[in-house]
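Right, one structure below, let's go through it.
The values are calculated or read from the model by the stated rules, or taken from the named source; none is laboratory data. Only a predicted model underlies this, so the values are computations on that prediction, with no experimental measurement involved. As a convention, Cβ positions derive from the backbone with ideal geometry for all residues, glycine included, and neighbour counts pool all protein chains shown. Quick note on the areas: whole protein, heavy atoms, side chains included, nothing else; ligands and nucleic acids left out. Shrake-Rupley method; radii C 1.70, N 1.55, O 1.52, S 1.80 Å.
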Amino acid sequence: MQAGAEEHISIGQTAQTQFNTAAEAMNLDDEVRVLLTTPFREIRVEIPVRKDDGSLGVYSGYRVQFNGARGPFKGGLRYAPEVDIDEVRGLAALMTWKTALVDIPFGGGKGGINVDVKDLNIYELERLTRKFISRISRILGPYRDIPAPDMYTNAQTMAWIFDEISGRQGYSPACVTGKPIALGGSEGREAATGRGVVMVFEEFAKLEGWVPADMTAAIQGFGNVGTFAATFLDELDVRVRAISDITGGYFNENGVDIKAALAHRAEVGSLEGFAGCERITNEELMALDVDMLVPAAMGGVINRDNSDQIKARIVLEAANAPCTSIGQIHLEDKGVYIIPDILANAGGVTVSYFEWVQNIQQFKWDEERVNSELGVIMRASALKVHAAAKQKNVSLRTAAFIIAIERVAEAEKLRGV
Ligand code: NAD
């Protein structure tokens, strides 16, 4: 984790603090607070995998179904060494608020395996994924719990999940989203999170009078979300001065050539060796003098240790939980404008919802329709959050949480305890 000395502030704690702040602001009933912060179900399974060299790797897999009052549990699967129950629980909670905020008929869930994908080849990763799914398949399904990609999982991972579950439940394309197009994936899903991030940014730019073509940005993370966020910001003529991935940061005062960076990544698999830029560290990227910082990698990267060095006046949260609670307070004290994750990166789960709808109806939408429907939801959600923050005199994050909590609380109440 890059959370430095603040490592003990986990994503779970961050999500809980964000909930508490909103609960206080809306004077939420104590019983409802307990109901909405207690996960419905948490599972941990052992996943033994025989490696190609004959050795045995044993990993821990998690799935947390946080709240399903508004629909089946929905949330990504993350493969990373730091995955633990607290992180998965926190991310599952955030999914609950995210799906409610953009008003799609899902609850919140999340899963993960504590594995470093660099240690496994593709055949070993397939065995790991299949074994994990076989051990939790009873709680998954199109109307129970629907996984999707997250860090270090992708469309291929989702294809294996589709195959495992369909083998047990019959042809079930709606059991997982983020699938390859050939297996019922949706047009536009791959780009959806990054596209949604930039749609939300555009909406706020209009509301606040920012001129994208006059703005500079730095983006941390150049994976699924970071590459598409970079592409669409570049299309708006925002000057992206720095990008980064696990190999470090790449800075160009006049703007990074995003198309060249994408081509380099496609060829090499990472940004390592990307020319035409000065090498900087990920820490230096966070402290750059740019208008907007776009964290698009892991959580906790804006924290007690580095928040006083951040010079950007806008933080567009493409990653999940990039600010710890203390990091957020420091930024707010400096007047930094934070566009919160549960709004900014909701484009992925929104197009996952479209994928699920298309799979259930066995009817295919073209990309134009997907992007246009995505735009309707992202823009309406951004406007609603902006208006609620003004009306209640709270931060955008607290406004987003209040909208989400009200929806989940109402569904819980109507269903009865
Ligand atoms: P990804 O695996 O495709 O990419 C992750 C990127 O982060 C890679 O470029 C990797 O090199 C970089 N990275 C990893 N460790 C790093 C480090 N220590 N310093 C700097 N960079 C580092 O993952 P993704 O799907 O793009 O997800 C990124 C973030 O967005 C995560 O927080 C995820 O939860 C969130 N998110 C993803 C989606 C989605 O649809 N994929 C949706 C919503 C939110």
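Quick notes
- Among residues of region 211-231 that are free of Cβ contacts under 8 Å to residues at least 24 places away in the same chain, those with a Cβ under 8 angstrom from a residue that is surrounded by fewer than 24 Cβ atoms within 10 Å (Cβ to Cβ) and of a type outside the set (Ser, Thr, Tyr), sequence gap 6+ or separate chain, pair up as VAL211/ALA205.
- Filter result (closer than 19 Å to ALA148 by Cα and open to solvent by less than 10 Å² (accessible area, probe 1.4 Å)) within region 359-377: VAL370, LEU374
- Pairs, first in contact (Cβ under 8 Å) with a residue 60 or more places away in the chain and β-branched (Val, Ile, Thr) in region 133-161, second open to solvent by 30 Å² or more (accessible area, probe 1.4 Å) and within 16 Å of the ligand (Cβ to nearest atom), C-beta under 8 Å, six or more apart: THR157/LEU125; THR157/PRO149
- Among the residues making up region 307-330, those that are in contact with a Gly (Cβ under 7 Å, 6 or more places away or on another chain) and either among the acidic types (Asp, Glu) or over 23 Å from MET199 (Cα atoms) (or both) are SER307, THR324.
- For ILE338, the conditions (1) in a loop (DSSP other than H, G, I, E, B); (2) touching a strand residue (DSSP E or B) at 6+ places or on another chain (Cβ under 8 Å); (3) open to solvent by 10 Å² or more (accessible area, probe 1.4 Å) all hold with the exception of (1).
- From the list ASP52, ASP30, ASP86, ASP103, the lone residue that is closer than 20 Å to VAL417 by Cα and open to solvent by 10 Å² or more (accessible area, probe 1.4 Å) is ASP30.
- Only one of GLY276, GLY300 that is within 15 Å of the ligand (Cβ to nearest atom) and not aliphatic (A, V, I, L, M): GLY300
- Taken together, the residues in region 364-397 that are outside any helix (DSSP H, G or I), in contact (Cβ under 8 Å) with a residue 60 or more places away in the chain and closer than 24 Å to SER325 by Cα amount to 2.
- Screening VAL240, VAL211, VAL197 for residues that are under 14 Å from LEU293 (Cβ atoms) and either surrounded by fewer than 18 Cβ atoms within 10 Å (Cβ to Cβ) or within 11 Å of the ligand (Cβ to nearest atom) (or both) leaves exactly one candidate, VAL197.
- Looking only at region 296-314, residues that are surrounded by fewer than 24 Cβ atoms within 10 Å (Cβ to Cβ) and within 23 Å of PRO212 (Cα to Cα) come to 6 in all.
- Checklist (1) within 12 Å of the ligand (Cβ to nearest atom); (2) more than 24 Å from ARG70 (Cα to Cα); (3) in contact (Cβ under 8 Å) with a residue 60 or more places away in the chain applied to LEU128, failing item: (1)
- Cβ-Cβ under 8 Å pairs, at least 6 apart or on other chains, region 340-363 side closer than 15 Å to ILE181 by Cβ and within 10 Å of the ligand (Cβ to nearest atom), far side among the polar types (S, T, N, Q) and part of a helix (DSSP H, G or I): none
- Residues in region 144-181 that are part of a helix (DSSP H, G or I) and under 22 Å from SER372 (Cα atoms) were compared, and the one that is least open to solvent (accessible area, probe 1.4 Å) is ALA174.
- Top-ranked residue of region 218-237 - restricted to ones that are of a type in the set (A, V, I, L, M) and within 16 Å of the ligand (Cβ to nearest atom), ranked as farthest from GLU190 (Cα to Cα): ALA218
- Among the criteria (1) out of contact with any strand residue (DSSP E or B) (no Cβ under 6 Å at 6 or more places or on another chain); (2) closer than 28 Å to LEU56 by Cα; (3) assigned to a helix (DSSP H, G or I), the one GLY90 does not fulfil is (2).
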